[in-house]
Amino acid sequence: GAVVSQHPSWVICKSGTSVKIECRSLDFQATTMFWYRQFPKQSLMLMATSNEGSKATYEQGVEKDKFLINHASLTLSTLTVTSAHPEDSSFYICSASERGFESPLHFGNGTRLTVT
Amino acid sequence: AQTVTQSQPEMSVQEAETVTLSCTYDTSESDYYLFWYKQPPSRQMILVIRQEAYKQQNATENRFSVNFQKAAKSFSLKISDSQLGDAAMYFCAYRSAGAQKLVFGQGTRLTINP
């Protein structure tokens, strides 16, 4: 089946630094990728939709300049948390879809970010 | 905007018994998809079952089945013969036809008692 690889699985960074999370589709081309954030014991909240070769579409309330998303190729999207603060600590999950609205979504295994 | 509501934060069931998880949603659309995802402690999201709104027949996947009531906007998940490996967070999700992003419910934590 289709595999989405997310890296790193966990990262600890100091407050004020930036951290990059990668989401790769390993055996299919992902025209669209989604970035979700999940707080402990809570649901997944969509942060942004990433389309290959174009600017990401951010959900209301998500800071575009803080959460930079790049989808430069059909197999890679990156989320960069800039000037991280402790409140950015969370679990970030990406999902990817092949071409077409009927295509299922495949999820990465998530990245746990801890900002100290 | 569409919303998904799971009113049961936690549920528990004895191993080998049947449990039903509730989900309701709000939409003005007539064509859409509904999903149940499982998130075990590993945090990996696993698709359990999918239902197309235009299909009247309830979806079934082995021990998992749904009760889809379109008029009532209800989409419950029934797990039969519960197994220890079914213990996880279960999320109900909605997707508009012609779109790919998912809207998730709050989740239900399912515990299986041996």
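Among the residues of the range B:57-102, those identified as farther than 11 Å from residue B:34 by Cα and within 14 Å of chain A (Cβ to nearest Cβ) are B:61, B:88, B:89, B:90, B:98, B:99, B:100, B:101. Filtered by the rule that a residue be at pLDDT below 90 and either more than 9 Å from chain B (Cβ to nearest Cβ) or assigned to a strand (DSSP E or B) (or both), the range A:32-49 gives A:32, A:39, A:40. Of the residues making up the range B:90-114, those that are more than 23 Å from residue A:97 (Cα to Cα) and open to solvent by less than 80 Å² (accessible area, probe 1.4 Å) are B:108, B:110, B:111, B:112, B:113. Look at the range A:1-17: where a residue is within 13 Å of residue A:116 (Cα to Cα) and of a type in the set (Ser, Thr, Tyr) and a partner is open to solvent by 60 Å² or more (accessible area, probe 1.4 Å) and not in a loop (DSSP other than H, G, I, E, B), sitting 6+ places away or on another chain with Cβ atoms under 7 Å, you get A:15/A:86. Among the residues of the range B:41-49, are any among the basic types (Lys, Arg), within 12 Å of chain A (Cβ to nearest Cβ) and within 14 Å of residue B:93 (Cβ to Cβ)? Within the range B:41-49, not a single residue is among the basic types (Lys, Arg), within 12 Å of chain A (Cβ to nearest Cβ) and within 14 Å of residue B:93 (Cβ to Cβ). One residue alone among B:30, B:7 is loosely packed, with under 12 Cβ neighbours inside 10 Å and under 20 Å from residue B:100 (Cα atoms), and that residue is B:30.
Of the residues making up the range A:18-37, those that are open to solvent by 60 Å² or more (accessible area, probe 1.4 Å) and of a type in the set (S, T, N, Q) number 2. Restricting A:60, A:29 to residues that are in a loop (DSSP other than H, G, I, E, B) and at the interface with another protein chain (Cβ under 10 Å from one of its Cβ atoms) narrows the list to A:60. Kindly indicate whether residue B:107 is at pLDDT 95 or above and in contact with a Phe, Trp or Tyr (Cβ under 7 Å, 6 or more places away or on another chain). Spelling it out, residue B:107 is indeed at pLDDT 95 or above and in contact with a Phe, Trp or Tyr (Cβ under 7 Å, 6 or more places away or on another chain). Scanning the range A:63-103 for residues that are assigned to a loop (DSSP other than H, G, I, E, B), of a type outside the set (Val, Ile, Thr) and in contact (Cβ under 8 Å) with a residue 40 or more places away in the chain returns A:74, A:83, A:84, A:85, A:98, A:99.
The values are calculated or read from the model by the stated rules, or taken from the named source; none is laboratory data. Because the structure is a prediction, the values reported are computed rather than measured. As a convention, Cβ positions derive from the backbone with ideal geometry for all residues, glycine included, and neighbour counts pool all protein chains shown. Just so you know, the surface numbers come from the protein's heavy atoms only, side chains and all, with ligands and any DNA or RNA stripped out. Shrake-Rupley method; radii C 1.70, N 1.55, O 1.52, S 1.80 Å.
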